[in-house]
1. Under 5 Å between amide hydrogens, which residues at least 5 positions from E108 or on another chain qualify, with H placed 1.01 Å from N in the peptide plane?
2. Return the sequence-ordered ³J(HN,Hα) values of segment 163-170 in whole Hz as given by the Karplus equation 6.51 cos²θ - 1.76 cosθ + 1.60 applied to θ = phi - 60°, using x for Gly and Pro.
3. Around V56, which amide H atoms from residues at least 5 apart in sequence, or from another chain, sit under 5 Å from its own amide H, with H modelled in the peptide plane?
4. Give the relative contact order (percent, whole number) for the chain; include only Cα pairs under 8 Å separated by 6+ residues.
5. Beta carbons within 10 angstrom, averaged per residue: use that to sort the peptides 32-44, 74-86, highest first.
6. List the residues whose amide H sits under 5 Å from the amide H of L133, counting only those 5 or more places along or on another chain, with H placed 1.01 Å from N in the peptide plane.
7. Filter the GluC sites (Glu not before Pro) in segment 144-231 down to the DSSP loop ones having no more than 14 other Cβ atoms within 10 Å, then list what survives.
8. Between E55, E117, E152, where does the largest GNM mean-square fluctuation fall for the chain, given springs only between Cα atoms within less than 10 Å?
Amino acid sequence: MSARANILAKLRATTIANAPALPDVKSWFDARRRDETQAQRAARLRAAMETVKTEVHDTTASNWPDLLMRIAAAKGLRKLLIGTNTPHGAQLETRHGQIQTNQSEGLELRRYAQSIEAWRQELFDGIDASLTLARSAIAETGSLILWPDACEPRLMSLVPPIHFVLLDVATIHADMYSAFAAEGWAKGMPTNALLISGPSKTADIQQTLAYGAHGPRELVLLLRHAEGFVS
């Protein structure tokens, strides 16, 4: 009998009755979970992400469009890519249209509303930044969870040199297990489930750190708090 056949025979002979018990992952994480408030989880996330050069700003549900446009103006951005038919994209478009000051002059909002084949050159060469919504985040690892779909495709977080991410503070989980359990990841996942912990960087062979080698060179996180938030 070949080695392959021998291995397959052993696998087929294994039954649930004599299979090794699965580790109690839930109990392990429950025993080590911190007793912390939402604000403390947000502070942990912020500290971890700022350590790896993420730009983090506090804002609210009503003020974040104005903040984003001020940051875009300060960075000299001309074209900002937004998703198609998203509530936050519509909110930004409405506010952008209402403001007639220097902070909105020259900033064009572009929707991702066509196939990559139709506008590949502009996407790669003409878009300065993009805005996507984070599904949630993980305080322990300083990671944002993105759930790309047809409205906000994967390329939005990969191609533009600057990536704005909008995150609701209430969706920050303590650890990865908490995120998986609370959001029911076992029930179904998209083609790409992304964990982003900072701007793209590499050191390669020469060990010289460079940003933007394989994705955005800047990551700007907008932490969206409830109305009435005071930093």
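The values are calculated or read from the model by the stated rules, or taken from the named source; none is laboratory data. All of these numbers come straight from a predicted model, not from anything done at the bench. As a convention, Cβ positions derive from the backbone with ideal geometry for all residues, glycine included, and neighbour counts pool all protein chains shown. Accessible surface areas use protein heavy atoms only, side chains included; no ligands, DNA or RNA. Shrake-Rupley method; radii C 1.70, N 1.55, O 1.52, S 1.80 Å.
1. K79, L80
2. Karplus-based 3J(HN,Hα) across segment 163-170 equals 10, 8, 10, 9, 10, 7, 4, 5 Hz.
3. Here L221 satisfy the definition.
4. 26
5. The densest-packed peptide leads the list: 74-86, 32-44.
6. The list, which skips near neighbours in sequence, is L166.
7. Sparse-neighbourhood loop GluC sites (Glu not before Pro): E227.
8. For the chain, modelled as a Gaussian network with Cα springs under 10 Å, the answer is E117.
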